[in-house]
């Protein structure tokens, strides 16, 4: 990080804090043994390792005391009594950060400069810089604010302060950046109001810009903001804006054609939004309205194509295939890979094999050769008993796919009665790379934070320490994370370098004892529990979904509470972030779903992701007439479709790692029509 204030800091005399931080060196064995292979596997400890472990535990206790002392503003006690005992502890810079943060209101420029110099391009340096900028803004020290501000800072609030500081010092070119900050579909922080006010007084807020933001607000579902923006519109625009908001709330009114005759860009925007909204609810009615407006307005060609495709996809999803065929005959421009795939799934759902084969032929070459569509090509050839110009027999396709690892490869192997292909090419980072990466300060801090369950801090240190690494060093971090038991990071590292064939890294046996206990208590195959945990959270105990699901097996609190009560288990919200408790509750819930669906893992997995009510609805719609592979392929939710495929294939991989060779789909499941 190239600080603009480097010259200022260099001119200041370094203090003792900087000298101490510069001399802080992690001394290796003391810290590394906690999560090393020897201790993790329970190998016999030597007196020296036991002593090192004991010393590390003592430092952790001191760290907690030091944190508490800083929080209680007992700064002298921390500096004189506790800090000297932590000189070689990896998290000492974190304590120094907390102390400095607590004193920022005194404007300690020299200490801030020293810390930022010592920790440039690190999580700690970035956090202190943002805290420092907030303090300078609160103190209205705008000149200093400008000198410290860095362009990489993502905070909108801090960016607004920076632009205000520039304007205070007569840099009117800063106005050029204000428009983009104001013209967004959501409310910005109050800190932006002063700079927005200056910008507005300069006459730079035009009705055209206000109209743009009004449209963005509506598309973001920020109706209150859209109404607020009326004050910046012309009288003519206000009439149109009111119509825009009405159509957003009541899309059916787009069919009142006499109200939308005006020829203008604003009216076209309103019409397109109304058609889009109506398409989600009533695609046939939306298409009827679209035909009227398409003849009346001169829409951009790209918008025309987008609009037609949206309508066709929704019609296909609703099973209106005759209507889709009719539209396609009228406009070939509507054809796209996404549309063809929708049509493919609809023909598969109806087991219209000739039509499915037709759409398979319509796919572009790159899609046609995907594993998914090769499998269905083989199935269509098999069902129709036809000669394919590229593949003499379906067995040729199945053989090709069976050599790959994954859902369609395993399905194909089952078709042929072959063993599953388990390609496993472990990474092999060099000892030199491992040592170099492990001894970087940020990785040391990440390791210790992780060991102490300070997960947010560990993530932050990990991010800043790994974001610019080369492939060789990323492999080293993957191995380190695996050794620590931070499985999500080892999995993510494999994704980053696109190495898909290290089965130990990509499919770790995380929390093995807890899984084994849950499997024994519920009589669920352990490989299925591993597969669910791998798919749900990549073994991240503190995972939280946008919907509120928590923990390794991503349980909703209400579901966990109900499951615990039904199973006679204790429950608290905090239990969901405890790996053993989460696995216990998750396995009990999965067991409930398996009982509901007569042991069918396909249906239970779908229900775990989308809920049992939806699964029963899908089963009712299929009337028990679909082969299992078609049922999976035509699950209405793309997320659930991929979820079920992953859980089934991951179960095979975990079975293999556990020394078993289970079938991906059990005979009972394979023989059922869903």
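Computed from the coordinates by the stated procedures, all read-outs in this text should not be read as laboratory data. If you're wondering where the values come from, they're calculated on a predicted model, not measured in any experiment. Because the Cβ atoms are built from the backbone with ideal geometry, glycine has one as well, and the counts that use them run over all protein chains shown.
Using the basic label-point model (7 angstrom from Cα toward the beta carbon), what is the residue 350 to residue 470 distance in nanometres?
5.7
Which length gain, in nm to one decimal place, applies between residue 204 and residue 183 when the Cα-Cα distance is subtracted from 0.36 nm times their residue separation? Walk me through the numbers on the way to the answer.
On the way: separation 21, 0.36 × 21 = 7.56 nm, distance 1.18 nm.
Gain on extension, residue 204 to residue 183, equals 6.4 nm.
Restricting to Cα pairs below 8 Å that are 6+ residues apart, what does the relative contact order work out to for the stretch 512-671? Please round to a whole percent.
Values: 185 pairs, mean separation 35.6, N = 160.
In percent, rounded to a whole number, it is 22.
Sort 308-319, 144-155 for me by packing, meaning the mean count of neighbouring Cβ atoms within 10 Å per residue, highest on top.
Values: 308-319: 19.7, 144-155: 15.6.
Going from most to least packed, we get 308-319, 144-155.
Applying 1/(1 + (r/R0)^6) with R0 = 35 Å to the Cβ-Cβ distance of residue 236 and residue 295, what FRET efficiency is obtained, to the nearest 0.05? Mind dumping the intermediate values first?
Values: r = 25 Å, r/R0 = 0.72.
The calculated FRET efficiency here is 0.90.
Can you sort 420, 232 so the residue with the fewest Cβ neighbours within 10 Å comes first?
232, 420
Would you work out the relative contact order for the chain, in percent, from Cα pairs under 8 angstrom that are 6 or more residues apart?
On the way: 749 pairs, mean separation 49.9, N = 674.
Over the chain, the number comes to 7 percent.
Could you give me the percent of Cα pairs per 10 Å distance bin for the stretch 512-671, shortest bin first, beginning at zero and ending with the bin that holds the maximum distance?
11, 42, 35, 12, 0
Could I have the simple spin-label model distance between residue 87 and residue 523, label points 7 Å from Cα toward Cβ, reported in nm to one decimal?
6.4
How far is it, in nm, from the label point at residue 668 to the one at residue 336 when both lie 7 Å from their Cα along the line to the Cβ?
4.4
Post the alpha-carbon centroid distance, the stretch 574-633 to the stretch 349-381, in whole angstrom.
Distance between centres, Cα-based: 28 Å.
Using helices alone, what [θ] at 222 nm do you get for the chain, with -39,500 (n - 2.57) per DSSP H run of 4 or more residues, divided over all residues and rounded to the nearest 500? Spell out each step's value before the answer.
On the way: 40 runs with 435 residues, N = 674.
Helix-only estimate at 222 nm: -19500 deg cm²/dmol.
Can you compute the FRET efficiency between residue 419 and residue 512 using 1/(1 + (r/R0)^6), with r the Cβ-Cβ distance and R0 = 25 Å? Round to the nearest 0.05. Working shown, then result.
Numbers: r = 25 Å, r/R0 = 1.00.
The value I calculate is 0.50.
Pick the calculated Kirkwood radius over Cα pairs in Å for this structure from [x] 30.0; [y] 31.0; [z] 26.4?
Of the listed options [x] 30.0; [y] 31.0; [z] 26.4, [x] comes from this structure.
Quick one: plug the Kirkwood hydrodynamic radius of the stretch 353-424 (C-alpha pairs) into Stokes-Einstein at 20 °C, 1.002 mPa s, and report D in µm²/s.
Values: Rh = 12.3 Å.
In µm²/s, the coefficient is 174.
Extension gain residue 391-residue 570, at 0.36 nm per residue separation less the Cα-Cα distance, in nm? Show your work: numbers first, answer last.
Values: separation 179, 0.36 × 179 = 64.44 nm, distance 5.83 nm.
Full-extension gain reported as 58.6 nm.
Go through 407-416, 167-176 and give me the packing order, highest mean Cβ count within 10 Å leading. Please report the intermediate quantities before stating the final value.
Details: 407-416: 22.0, 167-176: 12.9.
Highest-to-lowest ranking by the protection proxy: 407-416, 167-176.
At 0.36 nm per residue, and after removing the present C-alpha to C-alpha distance, how many nm does the segment from residue 155 to residue 500 gain when stretched out fully? Walk me through the numbers on the way to the answer.
On the way: separation 345, 0.36 × 345 = 124.20 nm, distance 3.51 nm.
Extra length available between residue 155 and residue 500 comes to 120.7 nm.
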